[in-house]
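Novice: This is the structure, below, for whatever I ask next.
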Amino acid sequence: STPTNTSTSTPTHTLSPACSLTPPAAYPSLSLVINEVGWPGTLANSSDQWIELYNPGPCPINLSGWYLQARISGTTQFTVNLNDSLDPLTDSVLSGGYFVLAVSNSVFTQNVLINQTSSSLSLLKTTAAPGETLQLFGPAGELVDHANINGDSWPAGSSSTRASMERSGVVQDVRTNWITYAGPTTNIKDSGTNYVRGTPGRANWAS
């Protein structure tokens, strides 16, 4: 099935007077965050993994030159170059907006806009140690954010219930700031029409 690009809360975005069409030389820490990690996959398929980014700032962020990298014990597992954009009002991650990266277009069957797919996305599926670290780099190669930076086992998420790992706000990447999704049933469904245990493309239950 093809995911339907529907949302119950799509705000109208305009550029703040303080926003420039020219990106900064280097983005500061947490200007774009790894907000939710679907490393357990879904009830339909544990390989149907996904990652959500969130822009907490007042200005849209053009993803040209940005990339996401996964490492285990210092060894790179995969690198995903994020979508380029020439129009910051239509294709960038807008202020207060989300960007969903999934392994394929079939991960969700309704109520999620998948912004980009990558078959390279293959996250560690267990809570065994050593764990996996995710790092988000800006266009100048600057490290803007990370998840599980100490390389321990995943701090949250569940391989048994397939619940996602959610960040509890725009906060530092420490184990206590990651929460296993345990919220109410949403209207998001996976490829097997099961309800997804997470909040891709919308505000985290944990926050």
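Novice: For the range 157-168, what are the residues that are in contact with a Lys or Arg (Cβ under 7 Å, 6 or more places away or on another chain) and either open to solvent by less than 20 Å² (accessible area, probe 1.4 Å) or not polar (S, T, N, Q) (or both)?
Specialist: Once the filter is applied, which keeps residues that are in contact with a Lys or Arg (Cβ under 7 Å, 6 or more places away or on another chain) and either open to solvent by less than 20 Å² (accessible area, probe 1.4 Å) or not polar (S, T, N, Q) (or both), the range 157-168 yields 162, 163, 164.
Novice: Residue 123 is checked against (1) open to solvent by 20 Å² or more (accessible area, probe 1.4 Å); (2) part of a loop (DSSP other than H, G, I, E, B); (3) in contact (Cβ under 8 Å) with a residue 40 or more places away in the chain and fails just one. What number does that condition carry?
Specialist: With (1) open to solvent by 20 Å² or more (accessible area, probe 1.4 Å); (2) part of a loop (DSSP other than H, G, I, E, B); (3) in contact (Cβ under 8 Å) with a residue 40 or more places away in the chain applied to residue 123, the lone miss is (1).
Novice: So how many residues does the range 142-168 have that are under 13 Å from the mean Cα position of the chain (by Cα) and over 23 Å from residue 26 (Cα atoms)?
Specialist: Final tally of qualifying residues: 4.
Novice: Hey, can you tell me all the residues within the range 156-169 that are touching a strand residue (DSSP E or B) at 6+ places or on another chain (Cβ under 6 Å) and within 25 Å of residue 96 (Cβ to Cβ)?
Specialist: If the condition is that a residue be touching a strand residue (DSSP E or B) at 6+ places or on another chain (Cβ under 6 Å) and within 25 Å of residue 96 (Cβ to Cβ), then 156, 157, 163, 164, 165, 166, 167, 168 are the ones that fit.
Novice: May I ask you to list the residues in the range 25-55 that are in contact with a strand residue (DSSP E or B) (Cβ under 9 Å, 6 or more places away or on another chain), open to solvent by 30 Å² or more (accessible area, probe 1.4 Å) and under 26 Å from residue 162 (Cβ atoms)?
Specialist: 43, 44, 45, 54
Novice: Any chance you could count how many residues in the range 169-207 are open to solvent by 40 Å² or more (accessible area, probe 1.4 Å), under 17 Å from the mean Cα position of the chain (by Cα) and among the small types (Gly, Ala, Ser)?
Specialist: Here the count works out to 2.
Novice: Here's something else I'd like to know. Give me the residue from the range 126-146 that is in contact with an Asp or Glu (Cβ under 9 Å, 6 or more places away or on another chain) and assigned to a loop (DSSP other than H, G, I, E, B) and, out of that set, least open to solvent (accessible area, probe 1.4 Å).
Specialist: 131
Novice: Between a first residue in the range 157-174 that is more than 19 Å from residue 126 (Cα to Cα) and modelled with pLDDT of 95 or more and a second residue that is surrounded by 13 or more Cβ atoms within 10 Å (Cβ to Cβ) and of a type in the set (Phe, Trp, Tyr), which pairs have beta carbons less than 8 Å apart while being 6 or more apart in sequence or on different chains?
Specialist: Cβ pairs passing all conditions: 168/178; 170/54.
Novice: Given the criterion over 14 Å from residue 135 (Cβ atoms), of a type in the set (A, V, I, L, M), outside any loop (DSSP other than H, G, I, E, B) and touching a residue at least 12 places away in the same chain (Cβ under 8 Å), identify the matching residue among 37, 112, 100.
Specialist: Residue meeting the stated conditions: 100.
Novice: Sort through 168, 153, 164, 207 and tell me the only one that's touching a helix residue (DSSP H, G or I) at 6+ places or on another chain (Cβ under 6 Å) and either within 19 Å of residue 47 (Cα to Cα) or polar (S, T, N, Q) (or both).
Specialist: Values: 153 fails: touching a helix residue (DSSP H, G or I) at 6+ places or on another chain (Cβ under 6 Å); 164 fails: touching a helix residue (DSSP H, G or I) at 6+ places or on another chain (Cβ under 6 Å); 207 fails: touching a helix residue (DSSP H, G or I) at 6+ places or on another chain (Cβ under 6 Å).
When all the criteria are applied, what remains is 168.
Novice: In this structure, is residue 149 open to solvent by 40 Å² or more (accessible area, probe 1.4 Å), more than 13 Å from residue 77 (Cβ to Cβ) and aliphatic (A, V, I, L, M)? Break it down into steps so the answer makes sense when it comes.
Specialist: Working: open to solvent by 40 Å² or more (accessible area, probe 1.4 Å): yes; more than 13 Å from residue 77 (Cβ to Cβ): yes; aliphatic (A, V, I, L, M): yes.
Yes; evaluated as a whole, the condition is true for this residue.
The values are calculated or read from the model by the stated rules, or taken from the named source; none is laboratory data. This is a predicted model, so every value here is computed, not measured. Here the Cβ is made from the backbone with ideal geometry for all residues, glycine too, and neighbour counts use every protein chain on show. With ligands, DNA and RNA removed, areas are computed over all heavy atoms of the protein, side chains included. Shrake-Rupley method; radii C 1.70, N 1.55, O 1.52, S 1.80 Å.
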